[in-house]
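*Asks:* Here you go, one structure.
The values are calculated or read from the model by the stated rules, or taken from the named source; none is laboratory data. All values reported here derive from a predicted model rather than from experimental measurement. Cβ placement follows ideal geometry from the backbone for every residue including glycine, while neighbour counts extend to all protein chains displayed.
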Amino acid sequence: MPSPHIPAHWRHFMLNAIEADQPYKPIREGLFQIDPPRLLGSQCPACRTKVYPAKGFCPQCDGDGAERPHVVPLSPEGVVFAYTVIHQAPAGRKTPYVLAYVDLDDEVRVLAQIHAPHTDIRIGQRVALALCAAGTEDGKPVIGYAFVLVDQSRGA
Ligand SMILES: [Zn+2]
């Protein structure tokens, strides 16, 4: 199977320099799509509950014997529900970094890193999904995800 490629037009989502149109590997299959960049959750057809990562059952209603949940792209923005600053990490990982629960606009809570100085982060702050380089494997960049602060001044 050919490797998926990174479309050139969303290179600005990348936090680190990655050559456009080169093959890449996702950090784990099925966690996200890249065009447009969205986390992939699942939604229950019976009660509409969404969860991340995608599951084959509904934790809310157990499906009521109806269809299994569908995979759905989740909202690319949300707000910081809670966060912590990590000062000790496995060797090779830069500290400090911020790990946060982000409540996406479609009411799914996601645990992820926020790429920003921890002194700039507040509870309730708006953040947006960003795909980013997470090392290399077999000579291909590995793509992961994080959140970045939404510039409140850009107007909406
Ligand atoms: Zn359900």
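*Asks:* Select from the stretch 1-41 the residues that are at pLDDT 80 or above, part of a strand (DSSP E or B) and out of contact with any Phe, Trp or Tyr (no Cβ under 8 Å at 6 or more places or on another chain) and list them in ascending order.
*Replies:* Matches in the stretch 1-41: Lys25, Gln33.
*Asks:* So, of the residues in the stretch 19-45 that are farther than 15 Å from Leu131 by Cβ and surrounded by 16 or more Cβ atoms within 10 Å (Cβ to Cβ), which turns out to be farthest from the ligand (Cβ to nearest atom)?
*Replies:* So the residue we want is Gly41.
*Asks:* Could you look through the stretch 55-102, keep only residues that are buried (at least 16 other Cβ atoms within 10 Å of the Cβ) and assigned to a loop (DSSP other than H, G, I, E, B), and pick out the one that is farthest from the ligand (Cβ to nearest atom)?
*Replies:* It comes out as Pro76.
*Asks:* Is there a residue in the stretch 112-130 that is among the small types (Gly, Ala, Ser) and assigned to a loop (DSSP other than H, G, I, E, B)?
*Replies:* Among the residues of the stretch 112-130, at least one is among the small types (Gly, Ala, Ser) and assigned to a loop (DSSP other than H, G, I, E, B), which makes the answer yes.
*Asks:* Just a yes or no: is a residue in the stretch 47-54 surrounded by 14 or more Cβ atoms within 10 Å (Cβ to Cβ), aliphatic (A, V, I, L, M) and either on the phi > 0 side of the Ramachandran plot or within 12 Å of the ligand (Cβ to nearest atom) (or both)?
*Replies:* Taking every residue of the stretch 47-54 in turn, at least one turns out to be surrounded by 14 or more Cβ atoms within 10 Å (Cβ to Cβ), aliphatic (A, V, I, L, M) and either on the phi > 0 side of the Ramachandran plot or within 12 Å of the ligand (Cβ to nearest atom) (or both).
*Asks:* Can you tell me which residues in the stretch 109-147 are closer than 22 Å to Gly41 by Cα, of a type in the set (A, V, I, L, M) and modelled with pLDDT under 90?
*Replies:* Ala130, Leu131, Ala133, Ala134, Val142, Ile143
*Asks:* Identify all residues within the stretch 102-137 that are more than 11 Å from Val150 (Cα to Cα), of a type in the set (S, T, N, Q) and over 16 Å from the mean Cα position of the chain (by Cα); write none if there are none.
*Replies:* Thr119, Thr136
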